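The values are calculated or read from the model by the stated rules, or taken from the named source; none is laboratory data. Given the structure is predicted, the values throughout are model-derived calculations rather than measurements. Cβ placement follows ideal geometry from the backbone for every residue including glycine, while neighbour counts extend to all protein chains displayed. Ligands, DNA and RNA are stripped out before the accessible areas are found, and what is left, the full protein with its side chains, is counted by its heavy atoms. Shrake-Rupley method; radii C 1.70, N 1.55, O 1.52, S 1.80 Å.
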Amino acid sequence: MISMGNVTILDYKEIEHCKIDVNDLAYNTVNTWQKGRTKAEKIKDTMLGKMAEDAFISALKKVDIGFYHSYDSFRNDNYKLHAPFDGLLIGNLSKEVINFINNSVVSDGPKLSVDVKNKIRCFGGYTVE
């Protein structure tokens, strides 16, 4: 990894790739802001997003920052529900936080209410899109 000012370059070989079937993710992804995407477009976009997330997580690990957690790393729905956010910045990702978020998604759907987001903040967490 090389840093120059506001730019960090991470060699592709340094990226830890998460093994997730992007087909399942793409199939259950709702066209929230890009209306009318085809299945092929959603798969391509999902793959690109996961690659970017893998690079981001790998870069954070290189500088000893371990408080970003991909939603996919703690969700419990087998990728069947639309993800409410990409990741969570939190110092302590406890079982209580994981259960609270997963239960909220199952009971209320993927669009988190203001109350749910405020409760996540009370736990010391911030959602990342």
Calculated from DSSP H runs of 4 or more alone, at -39500 (n - 2.57) each and per residue, what is the 222 nm mean residue ellipticity of the chain, nearest 500? -13000 deg cm²/dmol
Quick one: pull the percentage of alpha-carbon pairs in the range 53-92 with a separation above 16 Å. 37
Ranked highest first by average number of other Cβ atoms within 10 Å, how do 51-59, 108-116 line up? 51-59, 108-116
How many nm is it between the label spots at residue 18 and residue 92, if each spot is 7 Å from the Cα in line with the beta carbon? 2.3
Just subtract the alpha-carbon distance of residue 47 and residue 129 from 0.36 nm times their residue separation and send over the number in nm, one decimal. 27.9 nm
When the chain is fully extended, how far beyond the present Cα-Cα distance does residue 35 get from residue 122, taking 0.36 nm per residue of separation? 27.9 nm
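Give me the percent of the accessible area of the chain that comes from carbon and sulfur atoms, probe 1.4 Å, all protein chains in place.
Solvent-exposed carbon and sulfur of the chain make up 55 percent of the total.
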Unit charges on C-beta of K, R, D, E only; dipole of the chain, Debye: 280
In the structure shown, of 13/111; 19/95; 39/119; 19/39; 39/61; 50/117, the pairs separated by more than 31 angstrom at the C-alpha atoms are 13/111; 39/119; 39/61
Label-point separation, residue 73 to residue 99 (7 Å along Cα→Cβ), nm: 2.1
Accessible-area order for 126, 68, 27, 79, largest to smallest, probe 1.4 angstrom, reads 27, 126, 79, 68
Expressed in angstrom, Rg and Dmax over the Cα atoms of the chain are 15.6, 45
Might you tell me the accessible area per residue for the chain, computed with a 1.4 Å probe and given in Å²? 66
